Amino acid sequence: DAGVIQSPRHEVTEMGQEVTLRCKPISGHNSLFWYRQTMMRGLELLIYFNNNVPIDDSGMPEDRFSAKMPNASFSTLKIQPSEPRDSAVYFCASSLARGGHMTPEAFFGQGTRLTVV
Amino acid sequence: SQKIEQNSEALNIQEGKTATLTCNYTNYSPAYLQWYRQDPGRGPVFLLLIRENEKEKRKERLKVTFDTTLKQSLFHITASQPADSATYLCALFSSASKIIFGSGTRLSIRP
């Protein structure tokens, strides 16, 4: 397996533009997490899905952020409109829950470095 | 509120010595605690997991302890090498099955 795949690796956009980040989890994994990492705040959990259903989005900073998981092999994180303070590295991770219990090991993608100017 | 603290932002030690990193948590009763390694420009990579009923876990030169009374985990790298230089993150499962990370400790091993 190629691991968790994120695209793009880098994104530079102007303030006010819409940004869409993409993630392909590891095949067979049924939990997916979106994290944001900055020097100031570290690695923050934004939202996570189990079996394609959003379970907890309490980490999503504002209504400008939205995430979808239309099927088991694809998820998007959208920011609209983007602002300079959204600049960060965004990571997607996936994990496998067995029998209702999470297998705790999370596998991370390479991340998307977002710069909003 | 639930909190995870890695109380050393950075740690510098001499090659060959044992590096010890600390992770403290409050308002949690985690079933598992994990440690990850993150290199610059890359995502975190899982290293070790320890369960609440385990006191100690080892993997090669790595050792993790878990004290649920003190609400603390210690992460040790013995016979440290420059290649061990990285940021190390501890992570917990919250009651809602979320994986929450500490802020990390940047470890530097000097030759």
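The values are calculated or read from the model by the stated rules, or taken from the named source; none is laboratory data. For clarity, every value in this text was computed on a predicted model and none was experimentally measured. Note that each Cβ is placed from the backbone with ideal geometry, even for glycine, and that neighbours are counted across all protein chains shown.
Has region A:88-105 got at least one residue that is without any contact (Cβ under 8 Å) to a residue 24 or more places away in the chain, away from chain B (no Cβ under 11 Å) and part of a strand (DSSP E or B)?
yes
Take the residues in region B:23-34 that are within 11 Å of chain A (Cβ to nearest Cβ) and in contact with a Leu (Cβ under 7 Å, 6 or more places away or on another chain); name whichever of them is surrounded by the most Cβ atoms within 10 Å (Cβ to Cβ).
Filtering region B:23-34 for residues that are within 11 Å of chain A (Cβ to nearest Cβ) and in contact with a Leu (Cβ under 7 Å, 6 or more places away or on another chain), the one surrounded by the most Cβ atoms within 10 Å (Cβ to Cβ) comes out as B:33.
Could you go through region B:39-53 and let me know if any residue there is more than 13 Å from every other protein chain (Cβ to nearest Cβ) and farther than 25 Å from residue A:59 by Cβ.
yes
Answer yes or no: is there a residue in region B:41-59 that is touching a helix residue (DSSP H, G or I) at 6+ places or on another chain (Cβ under 7 Å) and crowded, with 16+ Cβ neighbours inside 10 Å.
No; the residues of region B:41-59 include none that is touching a helix residue (DSSP H, G or I) at 6+ places or on another chain (Cβ under 7 Å) and crowded, with 16+ Cβ neighbours inside 10 Å.
Here are B:81, B:2: which of them is in contact (Cβ under 8 Å) with a residue 60 or more places away in the chain and farther than 21 Å from residue A:91 by Cβ?
Going through B:81, B:2 in turn, just one is in contact (Cβ under 8 Å) with a residue 60 or more places away in the chain and farther than 21 Å from residue A:91 by Cβ: B:81.
Could you tell me whether residue B:91 is assigned to a strand (DSSP E or B), under 18 Å from residue B:10 (Cα atoms) and either away from chain A (no Cβ under 14 Å) or at pLDDT below 95 (or both)?
When the stated conditions are applied, residue B:91 passes them.
Please note which strands (runs of 3 or more DSSP E) are completely contained in region A:39-86 and include at least 2 residues that are within 11 Å of chain B (Cβ to nearest Cβ) and either touching a strand residue (DSSP E or B) at 6+ places or on another chain (Cβ under 7 Å) or polar (S, T, N, Q) (or both).
Answer list for region A:39-86: A:42-50, A:53-56.
From B:68, B:78, which residue is at pLDDT below 95 and away from every other protein chain (no Cβ under 14 Å)?
Only one candidate passes the filter, namely B:68.
Would you mind telling me which numbered condition in (1) under 24 Å from residue B:101 (Cα atoms); (2) more than 10 Å from chain B (Cβ to nearest Cβ) residue A:33 fails?
(2)
Looking only at region A:61-83, decide whether some residue is touching a residue at least 12 places away in the same chain (Cβ under 8 Å), on the phi > 0 side of the Ramachandran plot and not charged (D, E, K, R).
no
Give the residues of region A:1-41 that are over 19 Å from residue A:115 (Cβ atoms) and free of Cβ contacts under 8 Å to residues at least 12 places away in the same chain, sorted by residue number.
Correct list: A:2 only.
Given the structure, is residue B:107 more than 11 Å from chain A (Cβ to nearest Cβ), in contact with a helix residue (DSSP H, G or I) (Cβ under 8 Å, 6 or more places away or on another chain) and not charged (D, E, K, R)?
Here the answer is yes, as residue B:107 does meet what is asked.
What strands (runs of 3 or more DSSP E) completely inside region B:14-59 contain at least 1 residues that are in contact (Cβ under 8 Å) with a residue 12 or more places away in the chain and touching a Cys at 6+ places or on another chain (Cβ under 7 Å)?
In region B:14-59, B:19-26, B:32-38 are the strands (runs of 3 or more DSSP E) which contain 1 or more residues that are in contact (Cβ under 8 Å) with a residue 12 or more places away in the chain and touching a Cys at 6+ places or on another chain (Cβ under 7 Å).
For every residue, the table says whether it meets (1) loosely packed, with under 15 Cβ neighbours inside 10 Å; (2) basic (Lys, Arg); (3) more than 11 Å from the chain's Cα centre (by Cα).
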{"position": "A:3", "(1), (2), (3)": "yes, no, yes"}
{"position": "A:81", "(1), (2), (3)": "yes, no, yes"}
{"position": "A:86", "(1), (2), (3)": "no, no, yes"}
{"position": "A:113", "(1), (2), (3)": "no, yes, yes"}
